[in-house]
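Asks: First, the structure itself, so that you have it in front of you.
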Amino acid sequence: MIKVGIVGGTGYTGVELLRILAHHPQAELRVITSRSEEGVAVAEMYPNLRGHTDLAFSVPDSKTLGECDVVFFATPHGVAHALADDVLQAGARIVDLSADFRLTDVPTWEAWYNQEHGAPHLLPEAAYGLPELYRQQIVESRLVAVPGCFPTSIELGLLPLVEKGLLQDQRIIADCKTGVSGAGRGAKVGSLLCEASESLHAYGVSGHRHLPEIRQVLSHAAGSPTDVTFIPHLVPMIRGIHATLYCRSELSQVELQQLFEQRYADEPFVDVMPAGSQPSTRSVKGSNVCRLAVHKLIDSDQVVILSAIDNLVKGASGQAVQNMNLMFGLPENTGLEHVALMP
Ligand SMILES: NC(=O)c1ccc[n+]([C@@H]2O[C@H](COP(=O)([O-])OP(=O)(O)OC[C@H]3O[C@@H](n4cnc5c(N)ncnc54)[C@H](OP(=O)(O)O)[C@@H]3O)[C@@H](O)[C@H]2O)c1
């Protein structure tokens, strides 16, 4: 059994890790941390986990965490930086859900996150945890940076065209919608029912922190600098990300459909829907699936790709477990076969 520790167990990605790992046949939860809920039983705080774990929250401590085989960091940025060295030196592997190890360039990270990078010496060994692009690096790594939720939906939607150089130009637009759980469980005015319900607004228009990550991955896949106009919006739903991606290509609808189907034919968690489809966030809620549909507008070079994920599953905790499976030589889909909730 893989001994698992979770730092940040009271947040939304932390409790989603618990939900997924509760039925993982090879994972045994050993440590779950929260500084604010120290001593509280997990099942008392999250009754959906009654009968699935007897653990109580404890304060993060690198010695106890180092006794695990893998430690998930479901924490704000900057936290994994401080603990990663000790945890790795003790022999545990790390799957970090925060942005701490996603960017390869230290000045870029420091500019976007307004703080000094706490562990730049670890960056060369960190794998970017998008299995559909970096599977072999993940298998060989002891430190994996799980992609952000928006980047996952955008990168998977654009990869087939970008990596084959099939875009006509650099005019790529990612118009994205997210549910409120994307902001975490902490109390914030913008997450209040009265603020978020029955409304829709854009944010981070002039530059969102996920932008350098999206640029980095698409540029690497393309082999040349690739930029995107990325505009996130908050919509009144709890879970889900929907990305509408606009770009231009000379490929026909039939060729686009073939390209996408072939690219993801062997991917367990990317579903290319039939031509003419529109994936909904509801169709992926609670599952580790990214649902894609590719459209070509009539009498135009305009391509529109629709991409839907659950921000807490393929956009965070499910993808984190997918990475753990790869790092420990397990079948990639172990414990991740949940069917989406309907309605
Ligand atoms: N929410 C999403 O949809 C989503 C998707 C992809 C990635 N992410 C990323 O995943 C990470 C967690 O997100 P979340 O939404 O789960 O956040 P959250 O709901 O705000 O939870 C944060 C957790 O981290 C713990 N924590 C905070 N400061 C800490 C510190 N200094 N040391 C140790 N523990 C600390 C908190 O518990 P205590 O304060 O009690 O210790 C809490 O359990 C973030 O980096 C986020 O950007 C989130």
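Asks: Inside the range 200-228, can you point out the residues that are polar (S, T, N, Q) and closer than 21 Å to G165 by Cβ?
Replies: Across the range 200-228, the qualifying residues are Q216, S219, S224, T226.
Asks: Does V254 satisfy the condition of being over 18 Å from the mean Cα position of the chain (by Cα) and assigned to a strand (DSSP E or B)?
Replies: No, not satisfied.
Asks: Taking the range 6-25 as the region of interest, how many residues are away from the ligand (no atom under 12 Å from the Cβ) and either crowded, with 20+ Cβ neighbours inside 10 Å or part of a strand (DSSP E or B) (or both)?
Replies: 3
Asks: Going through D100, D86, D96 one at a time, which residue ends up being surrounded by 14 or more Cβ atoms within 10 Å (Cβ to Cβ) and more than 28 Å from V313 (Cβ to Cβ)?
Replies: Of the residues listed, the single one that is surrounded by 14 or more Cβ atoms within 10 Å (Cβ to Cβ) and more than 28 Å from V313 (Cβ to Cβ) is D86.
Asks: Another question, then. Look through A90, A119, A111, A84 and report the one residue that is more than 10 Å from the ligand (Cβ to nearest atom), under 20 Å from H208 (Cα atoms) and of a type in the set (A, V, I, L, M).
Replies: Just one listed residue meets the conditions, A111.
Asks: Output the number of residues of the range 271-322 satisfying the condition of being in a loop (DSSP other than H, G, I, E, B), among the acidic types (D, E) and touching a strand residue (DSSP E or B) at 6+ places or on another chain (Cβ under 7 Å).
Replies: 1
Asks: Continuing with this model, one more query. Among the residues of the range 213-231, is there at least one that is assigned to a strand (DSSP E or B), at pLDDT 95 or above and in contact with a helix residue (DSSP H, G or I) (Cβ under 6 Å, 6 or more places away or on another chain)?
Replies: Looking for residues that are assigned to a strand (DSSP E or B), at pLDDT 95 or above and in contact with a helix residue (DSSP H, G or I) (Cβ under 6 Å, 6 or more places away or on another chain), one finds at least one in the range 213-231, hence yes.
Asks: Here's another thing I want to ask about it. Among the candidates E44, E28, E38, which residue alone is free of Cβ contacts under 8 Å to residues at least 12 places away in the same chain, of a type outside the set (S, T, Y) and surrounded by fewer than 19 Cβ atoms within 10 Å (Cβ to Cβ)?
Replies: E44
Asks: Scan the range 37-58 for residues that are within 25 Å of the chain's Cα centre (by Cα) and within 12 Å of the ligand (Cβ to nearest atom) and jot them down.
Replies: Those that are within 25 Å of the chain's Cα centre (by Cα) and within 12 Å of the ligand (Cβ to nearest atom): V42, M45, Y46, F57.
Asks: Only residues that are of a type outside the set (A, V, I, L, M) and in a helix (DSSP H, G or I): list them for the range 129-147, please.
Replies: P131, E132, Y134, R135, Q136, Q137, E140 - these are the residues of the range 129-147 that are of a type outside the set (A, V, I, L, M) and in a helix (DSSP H, G or I).
Asks: OK, next. Out of the range 128-145, which residues are away from the ligand (no atom under 15 Å from the Cβ) and either touching a residue at least 40 places away in the same chain (Cβ under 8 Å) or more than 24 Å from K314 (Cα to Cα) (or both)?
Replies: Selection gives P131, E132, L133, R135, I138, V139, S141, R142, L143.
Every residue, every condition in (1) within 30 Å of T64 (Cα to Cα); (2) of a type in the set (A, V, I, L, M, F, W, C); (3) surrounded by fewer than 24 Cβ atoms within 10 Å (Cβ to Cβ), yes or no:
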position	(1), (2), (3)
V106	yes, yes, yes
Y113	yes, no, yes
H117	yes, no, yes
E125	yes, no, yes
Q136	yes, no, yes
S141	yes, no, yes
D169	no, no, yes
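Asks: For K3, indicate whether it is more than 12 Å from the ligand (Cβ to nearest atom), surrounded by fewer than 15 Cβ atoms within 10 Å (Cβ to Cβ) and under 25 Å from D86 (Cβ atoms).
Replies: Taking the combined requirement at face value, the residue does not satisfy it.
Asks: If I ask for residues that are in a loop (DSSP other than H, G, I, E, B), closer than 21 Å to A308 by Cβ and either without any contact (Cβ under 8 Å) to a residue 12 or more places away in the chain or more than 20 Å from the chain's Cα centre (by Cα) (or both), which ones from the range 164-196 would you list?
Replies: Once the filter is applied, which keeps residues that are in a loop (DSSP other than H, G, I, E, B), closer than 21 Å to A308 by Cβ and either without any contact (Cβ under 8 Å) to a residue 12 or more places away in the chain or more than 20 Å from the chain's Cα centre (by Cα) (or both), the range 164-196 yields only I172.
Asks: Quick one: in the range 66-81, of everything that is in a loop (DSSP other than H, G, I, E, B) and among the small types (G, A, S), which residue is farthest from the ligand (Cβ to nearest atom)?
Replies: Only one residue tops the list, namely G78.
The values are calculated or read from the model by the stated rules, or taken from the named source; none is laboratory data. Since the model is a prediction, treat every value here as computed from it, not as a measurement. Glycine gets a Cβ as well: all are built from the backbone with ideal geometry, and neighbour counts include every protein chain shown.
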